[in-house]
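Structure first, then comments.
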Amino acid sequence: NRQQILDNRPEGEAVASNFKLVSTETPALKDNQVLVRHHYMSLDPYMRGRMNDAKSYAQPQPLGQVMQGGTVGEVVESKHPKYAVGDKVVGFGGWQEYSVVDASQPGALKKVDTTHVPLSHYLGAVGMPGVTAWYGLVKIIAPKAGETVVITAASGAVGSAFGALAKARGCRVVGIAGGPDKCKYVTDELGFDACIDYRQHPDVKSMSAALKEACPQGIDGYFENVGGYIFDAVLLRTNAFARIALCGMIAGYDGQPLPLANPALFLINRLKLEGFIVSEHMEVWPEALAELGALVASGKLRPRESVAEGIEAAPEAFLGLLKGKNFGKQLVKLI
Ligand code: NDP
């Protein structure tokens, strides 16, 4: 069982040598345990925060232990009565090829149906990132039909799900993404009404002009994934009583400062901003996953994936994700 452990913590930018590839034997199963062979593991931006030994909403990733993270795979051995060899499951198996899971622990493992939804999508659109989009849109932005909503990192795992969910609610949906290929995908494949390439608009003035054109009625809802000058530009275009779901600030995950230029706009435009962590809202997951699963099964949401091959490729793929080298949900294909 090959595993990636966190060997040392980053100083500033995360680097490949923070991780170490090791190999261990999988232990014999005890009662209620199952052995899962991972087909895919998920790489997610939140993992960068856990590499630091800093106070946060989640415990830091312990040094010398397998990197934590979501996985999908199949049961290859079982000592739990409800799990049989061949069952497809989603869990939190970490950066390794196999995991031994105590299936009697609530939420440790969930069987999934791959008839209409490919297994890998349970780590993306029909998994944690999809529910993240759902929560921010439905519970925080709560748009009315006809309102304009904007999202950063629009081509990614969260962004793509957000687009389909917002279109289903009759919104004008505007994405912001890096580069012409991603923007073309966002409009042509994901069905957004417009997409702004932030690399063509590298400052507040230029970005706010592009937003004015893409959002002629102003912005009623904003789903923030990035932070920095794009946030400042969006604030300038918000309508009175706009709602902001603060989901992520990836532009600052390696420690970059993200000052806000004009906080008075919160008062002037009577804005509401709410940060959230999707794992603290387990009550919405069933409803959200049902809607997301239906969108994927009906072809209304066609999420894209970037797939790195093999456990040895995980660190570089993860560092690439933090720099926007991924195009869609970043996965690692295992055995
Ligand atoms: P994505 O698939 O969107 O990948 C990350 C993307 O971020 C990159 O592809 C890149 O897209 C963009 N990006 C990276 N650096 C920058 C930068 N400096 N400026 C602008 N864009 C940048 O990842 P996810 O969909 O998994 O996650 C999206 C966001 O949601 C993250 O901020 C993440 O932390 C957050 N999140 C929060 C959760 C919560 O519970 N609050 C749960 C899950 C995710 P591009 O090339 O277009 O710039």
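The values are calculated or read from the model by the stated rules, or taken from the named source; none is laboratory data. No experiment lies behind these values; they were computed from the predicted model shown. No Cβ is skipped: glycine too gets one built from the backbone with ideal geometry, and neighbour counts run over all protein chains shown.
Observations on the structure shown:
- Filter pass, Val138 being aliphatic (A, V, I, L, M) and more than 9 Å from the ligand (Cβ to nearest atom): yes
- Of the numbered criteria (1) away from the ligand (no atom under 15 Å from the Cβ); (2) within 28 Å of Met47 (Cα to Cα); (3) assigned to a helix (DSSP H, G or I), the one Phe231 fails is (1).
- Single residue of Asp254, Asp197, Asp188 found to be of a type in the set (D, E, K, R), touching a residue at least 60 places away in the same chain (Cβ under 8 Å) and within 16 Å of the ligand (Cβ to nearest atom): Asp254
- Search result, residues across segment 44-82 that are within 16 Å of the ligand (Cβ to nearest atom) and in contact with a strand residue (DSSP E or B) (Cβ under 7 Å, 6 or more places away or on another chain): Met51, Gln61, Met67, Gly69, Gly70, Thr71, Val72
- Where helices (runs of 4 or more DSSP H) fall entirely within segment 263-330, those with at least 2 residues that are in contact with a Lys or Arg (Cβ under 9 Å, 6 or more places away or on another chain) and crowded, with 18+ Cβ neighbours inside 10 Å are at 314-321.
- The residues on offer are Val149, Val173, Val158, and the sole one that is of a type in the set (Val, Ile, Thr), under 18 Å from the mean Cα position of the chain (by Cα) and closer than 23 Å to Asp232 by Cα is Val158.
- Residue match in segment 209-223 (condition: more than 16 Å from the ligand (Cβ to nearest atom), buried (at least 17 other Cβ atoms within 10 Å of the Cβ) and in a loop (DSSP other than H, G, I, E, B)): yes
- Options Asp254, Asp220: the member that is in contact with a Pro (Cβ under 8 Å, 6 or more places away or on another chain) and either within 14 Å of Thr132 (Cβ to Cβ) or modelled with pLDDT of 95 or more (or both): Asp220
- Residue that is surrounded by the most Cβ atoms within 10 Å (Cβ to Cβ), among those in segment 124-157 that are hydrophobic (A, V, I, L, M, F, W, C), assigned to a helix (DSSP H, G or I) and in contact with a helix residue (DSSP H, G or I) (Cβ under 8 Å, 6 or more places away or on another chain): Ala157
- Scanning segment 89-123 for residues that are assigned to a strand (DSSP E or B) and either within 16 Å of His39 (Cβ to Cβ) or within 14 Å of the ligand (Cβ to nearest atom) (or both) turns up Val89, Val90, Gly91, Gln96, Tyr98, Ser99, Val101, Leu109, Lys110, Lys111.
- Residue within segment 134-141 that is out of contact with any Leu (no Cβ under 9 Å at 6 or more places or on another chain) and of a type in the set (D, E, K, R) present: yes
- Which listed residue is out of contact with any Pro (no Cβ under 8 Å at 6 or more places or on another chain) and under 24 Å from His39 (Cβ atoms), from Lys272, Lys333, Lys329: Lys333
- Complete set of residues in segment 1-47 that are in a strand (DSSP E or B), closer than 30 Å to Ala125 by Cα and among the hydrophobic types (A, V, I, L, M, F, W, C): Ile5, Leu6, Phe19, Leu21, Val34, Leu35, Val36, Met41
- Scanning segment 158-199 for residues that are part of a helix (DSSP H, G or I), surrounded by fewer than 22 Cβ atoms within 10 Å (Cβ to Cβ) and not hydroxyl-bearing (Ser, Thr, Tyr) yields a count of 7.
- Thr132, sole failed condition from (1) polar (S, T, N, Q); (2) farther than 24 Å from Phe318 by Cα; (3) within 16 Å of the ligand (Cβ to nearest atom): (2)
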